[in-house]
Structures are given as C-alpha cells and as structure tokens.
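Inspection log for the structure reproduced underneath, given as structure tokens.
We did not get these values from a lab; they are worked out from the coordinates using the rules stated. Nothing here was measured: the structure is a model prediction, and the numbers come from that model. We place every Cβ from the backbone using ideal geometry, glycine too, and count neighbours over all the protein chains shown.
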Amino acid sequence: MNIHKRKFISIILFIIISVTIVYGIVTQNARANTIVEYEAQIETNNNQINVLEEIKSQLHITAELLRNNDYINNGLTDMLSQKWHECNDYQNSKNNENVELQTKIAELKKQQGKKRFVGNFKITHYCPCTTCNGSWGSKTALGTTMTPHRTIAVDPRVIPLGSRVEINGQIYIAEDTGGAIKGNRIDMCVSSHAEAYRRGVLHNVPVYIVK
C-alpha cells in the first residue's frame with residue numbers, strides 16, 4: 001500500500017470516528033421546559049449542525065481525492081456515501097427539532113401575556129406514600145388522583161384549587177392541600193419518596209397563575 005492510500009484511509013477512519021462521536025452528542029438532548037432552556041437547546045443544535053456540515057464537506061473532499069488519484073474501492077465509496085447521508089439526516093433532525101422548539105417558545109411567550117404573578121414561593125416535594133401523605137393515599141383535596149409532575153398542593157387562600165400554575169416554565173394543577181402548606185408554599189407531587197428527597201427544598205421560586 002503506497003503512502004497516498006495510507007493517508008486516505010487514515011483520513012477516512014478519522015472522519016468515521018468523528019461522525020460516531022457527533023452522533024452520540026446529537027442524540028443526547030437535555031430536557032427543556034423554559035424559554036431560556038429552549039433557546040440554549042437551539043444554540044446547541046446549531047453548533048451540532050455546523051459540525052456536521054464540516055464533516056460532510058470532509059467526506060466529499062475525501063471522495064474527490066480518491067477519484068482524482070484513481071483509488072477505486074466500491075466498499076469504501078459506499079461507506080463515505082453512507083456517512084454523508086447519516087450526517088445529512090442528523091442535520092435534518094436537528095433543524096426539525098429547532099422548528100418545534102421555536103413553536104414552543106412562541107407558545108410560552110403568548111402565555112406570558114395571560115398569567116398573573118402570585119409571588120415567590122418555597123417549593124417542597126411529596127409523593128402518595130404513607131410517609132408523605134399519611135392515610136390520604138393518592139387522592140387529592142379535589143377528589144382527583146395525584147399525578148406526578150402535575151399535581152401540586154397549595155394554600156387555597158393564596159392559590160385557588162383548580163388553578164393552572166406555572167413554575168419554572170412548566171404548568172401544574174392546584175389539586176391538593178396540606179396541613180403544613182400555608183401562605184407562599186407549594187408541595188409538588190413527584191413519582192417516589194426517593195425523588196421527593198432528592199429534589200429537596202427550593203426557595204424564592206416565582207409562581208404564576210395561568211388564565
């Protein structure tokens with residue numbers, strides 16, 4: 001194998017490894033709920049799209065070098081083509097995701113004009129277990145079933161039961177009450193006691209009632 005062929009194969013291996021690394025990055029999306037998080041995800045997606053475009057360019061250049069140097073290998077050519085199309089598909093998926101994120105941003109901005117600031121609250125967490133909820137089980141003060149990441153317990157003198165409440169960009173329903181839930185305090189339903197313990201206590205969290 002001459003030096004040119006070795007150089008080409010080294011370049012191809014580098015590109016394949018790069019595509020694999022980028023694929024791993026692309027498929028790991030952070031969970032976003034707020035406008036700031038959505039905008040950060042869009043920026044991340046755009047950076048990934050730019051990296052993928054550079055890799056596509058390198059794949060094209062490598063294919064041209066192989067052809068210009070009369071290095072014909074159908075398997076290698078097919079591999080280069082496959083990686084180019086993979087990059088292109090990843091780019092398209094990121095572009096589509098950005099369109100969805102922009103739509104969510106627009107929806108949140110629209111909602112901001114339809115909500116009332118209630119105040120800054122202390123947020124705790126609970127679950128349907130007997131440690132958190134005693135003998136009440138999974139039933140709420142409204143008679144509904146506690147639903148993780150939807151149900152919150154409130155002081156109805158501050159937040160009326162049945163209200164749609166926005167906390168950190170996510171909408172919850174004020175379905176429950178509690179003996180210790182007085183004033184500017186909210187107890188947020190989660191999936192398990194371990195999760196409630198892990199999430200702990202949050203302080204000075206802005207809370208809105210969504211009309």
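Values as computed for the structure displayed
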quantity: Bridge type composition, segment 114-210 - antiparallel percent by DSSP, nearest 5; calculated: 70 percent
quantity: Sites Lys211 and Arg157, calculated FRET efficiency, Cβ-Cβ separation with R0 25 Å, nearest 0.05; calculated: 0.80
quantity: Karplus-derived 3J(HN,Hα), 6.51/-1.76/1.60, for each residue of segment 169-175, Hz, glycine and proline x; calculated: x, 10, 9, 10, 10, 6, 10
quantity: Long-range amide H partners of Tyr126 with built H, under 5 Å; calculated: Met188, Cys189, Val190
quantity: Asn68 versus Lys109: modelled label distance in nm, points set 7 Å from Cα along the beta carbon direction; calculated: 4.6 nm
quantity: FRET efficiency, 1/(1 + (r/R0)^6) with R0 30 Å, evaluated for Asn50 and Gln170 via beta carbons; calculated: 0.50
